[in-house]
1. Over segment 346-386, how many pairs of lysines fall under 22 Å by alpha carbon, counting only those 8 or more apart in sequence or from different chains?
2. By counting other Cβ atoms within 10 Å of each Cβ, how are ASP165, ASP172 ranked from fewest to most?
3. Among the lysines, which fall within straight-line cross-link reach of LYS59, defined as a Cα-Cα distance under 24 Å, with same-chain neighbours fewer than 8 residues apart omitted?
4. Between helix 153-172 and the chain, what is the angle of the helix's C-alpha long axis to the longest principal axis, kept within 0 to 90° and rounded to the nearest 10?
5. Tell me which residues come under 5 Å, amide H to amide H, from GLY240 once H is placed; ignore anything under 5 positions away on its chain.
6. What do you get for trypsin sites (Lys or Arg not before Pro) in segment 308-383 restricted to DSSP loop and a cutoff of at most 14 other Cβ within 10 Å of the site's Cβ?
7. Could you calculate the contour length gain from LEU208 to ARG304, that is, 0.36 nm times the residue separation minus the distance between their Cα atoms, to one decimal place in nm?
8. Give, rounded to the nearest 20 debye, the magnitude of the charge dipole that segment 346-386 has about its Cα centre when Lys and Arg contribute +1 at Cβ and Asp and Glu contribute -1 at Cβ.
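Derivation of every value follows stated rules applied to the coordinates shown; laboratory data play no part. All of these numbers come straight from a predicted model, not from anything done at the bench. Backbone-built Cβ (ideal geometry, glycine too); neighbour counts: all protein chains shown.
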Amino acid sequence: MNRSQFLASAAFCLLALPLGVFAQEKPAAPVFKAGFAERDITPELGMEAPGGYGKSYHKVVHDPCKVRASVFDDGQSKVAVVGIDALGIRRDTVQKVRKAVNEKTGIPANSILIGASHSHSSGPCVWIKRGEFDQASELVQKLAYDESTIVDAKYLASVEQALVDAIVAAHDQRIAAKAGVGKGFETTVAFNRRFLMRDGGSITHPGLGNPEIVKPAGPVDPEVGVIGVWDAKDPNKLLGCTVNFACHATTSPGGISANYIYYLEKAIQGYYGKDAVVVFLAGASGDITQVDNQSPYQYPAGDRWAQIVGGKVGAEALKVLLTMEPGVLTPVGARVRTWNIKRRPPAPERVAKCLEIVQRDRKKVDPTVWTFAKEIVLLDALIKKEPTVEIEVQALQVGPAVFVTDPAEYFCQYGLEIKASSGFPFTFPVSLANGCAGYVPTEEAFGEHGGGYETRLTSYSNLEITAGSQMRDAGIDLARQLKPGVVPEMPRRPPFKAQPWSYGAVPPELK
């Protein structure tokens, strides 16, 4: 073969090789899909209304209660973020729902977040369940089942099925999507309800205009965190969003209700349409409510209050949605830590005194004294059966945002500390998620200048004093195991042209 023949042969071979041998193939666009769905869980009239330490029953319906679910998929992993209009969510309910959803969708159990809104006007799916005190004395059983809020077994079963159905539907309805993340601030509707008083102690709700108030005993968190998701083929179609805000859902609009979340949803759907699903997740709001104890004005009626809180938070979320840049929120994933925390046992002499109190004629005992005595008796029986509580903390990531959960009515200070140390540009604490362990105050709230009913021992709230810092540290550690994704942003402007706009660069003309 002469030189000319060799070169011709070589050229032919080079032409026959795939183009990728010489030029790196353009990477495929990242996969990002999302789906949303909701189900109705409005309780029936006559069912118990949770939220207190005694019996109360629903008489009217104000608006529906719902399960709202979202599923995010980056092509390799899937996560579900779910909000439920409920006072709380039982740990056994979470485990049952996760197992069923995993079997139907393949979403890992630990990648499913279920957060309760803490609506005090919702249905009886949390608190005491019949059978849980059957090992105790007849007196204790009467206090548990006849004098306390109890779960309606039939309603709970329907809620569990609705949770499964909503998550599976959201998973099955995933489509190519674009999403954005952002935060706004609503500073006028949520207030710390605990106050340091002139005598050196702290009081929860000391009363409107109490002159003995020195200052709030803790902070607030006015941040409104939002993730918005649009159909990739129709940028005007909002599939749904998640909204994170720290405030008790205690506006009591009148009857069965999602509480102020109903009006929050209306504010967003008023712009984007009723098909947009609004997943609400309560922030660290164990000591935060809509009640401003230092206001110079009378409190509004319940429905008006719900409109003010929900409308303002919803309007702020809408502003965030309108200004965020949709893109791809990847990666998605989750980390979970589960451990047991001890309950604080009441002193034996305190139990004996409380046993004596609950057997008196109730008409001759102060209602608050009797209620806390009942709770001590129940707690004493509960500890004999379950001396510890299983606690789960979860860090669930959607691109540059991370949801950090706790199963408690978690004091606001802890949420702020998690935000400051998570390592993410957007951190959304989610309380009463994946379980319900009662109030978890700061350690300071138990100290010399502490107080308030959140620090009292009850069958609902009883974890050891360091529980809050344990949850905080676990959440921060889990979040730091994840790497934040890129925040979508608007296209950058081109370099400045050599000349300004010709129409604008002209001198004034006087005549």
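1. 9
2. Sorted ascending by nearby Cβ count, the order is ASP172, ASP165.
3. LYS129, LYS154, LYS266
4. 10
5. VAL229, VAL277
6. Values: sites: LYS312, LYS319, ARG335, ARG337, LYS342, ARG343, ARG350, LYS353, ARG360, ARG362, LYS363, LYS364, LYS374; in loops: ARG360.
Counting only loop positions with at most 14 other Cβ atoms within 10 Å, the trypsin sites (Lys or Arg not before Pro) in segment 308-383 are ARG360.
7. Stretched fully, the LEU208-ARG304 segment lengthens by 32.7 nm.
8. Here segment 346-386 has a charge dipole of around 140 debye.
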